[in-house]
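Right, one structure below, let's go through it.
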Amino acid sequence: MAATRITTASQSPRTLTYLDKRLAWCRTLPNHTTSSRLFPTLEELAQIPREEIPAVMSRFAALQGQLAARLLIPLASAETPANSTPDRLLSVREVVGRLSVTKGFVYDLIRRGTLPAVKLSERNTRIREVDLENYQKTRKALR
């Protein structure tokens, strides 16, 4: 399958590869199309030019990573209260203020795994607002 040169107003000329063509074709399908039609068959894969195989493999790996990430992230609509932002990260100081506890207690919660945290660097820890709200709910339920 020969590559086609295309140019858009915002891009310099580039080569339209097999995968670009396949993804463009997928966008024309109805929303109810099964995933088996979105990916090439073994026969179609055999027709991909050898020089395009690394790019195709890279795109498939990226897709696999994105799909895996979606499986790991809980459904936001089920867990996220309406008044919070699910992606908002709070500093330890903010969590201390919201819980009215000491900094050491917050770090103990994080060390024990009771309060999930994101370590941005050696000295920079953040807590997702949703995780803090979930912790507060479970704490209230135990009282």
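Filter region 54-106 for residues that are within 20 Å of Asn124 (Cβ to Cβ), modelled with pLDDT of 75 or more and under 17 Å from the mean Cα position of the chain (by Cα) and give the result.
Hits for region 54-106 are Arg88, Leu89.
Quick check: anything in region 116-123 over 23 Å from the mean Cα position of the chain (by Cα), surrounded by fewer than 12 Cβ atoms within 10 Å (Cβ to Cβ) and free of Cβ contacts under 8 Å to residues at least 12 places away in the same chain?
Yes, region 116-123 contains a residue that is over 23 Å from the mean Cα position of the chain (by Cα), surrounded by fewer than 12 Cβ atoms within 10 Å (Cβ to Cβ) and free of Cβ contacts under 8 Å to residues at least 12 places away in the same chain.
Is it the case that region 33-53 has a residue that's hydroxyl-bearing (Ser, Thr, Tyr), touching a helix residue (DSSP H, G or I) at 6+ places or on another chain (Cβ under 7 Å) and at pLDDT below 75?
no
The values are calculated or read from the model by the stated rules, or taken from the named source; none is laboratory data. This one's a predicted model, so the numbers in the text were calculated from it and none came from an experiment. Cβ atoms come from the backbone with ideal geometry, glycine included; neighbour counts cover every protein chain shown.
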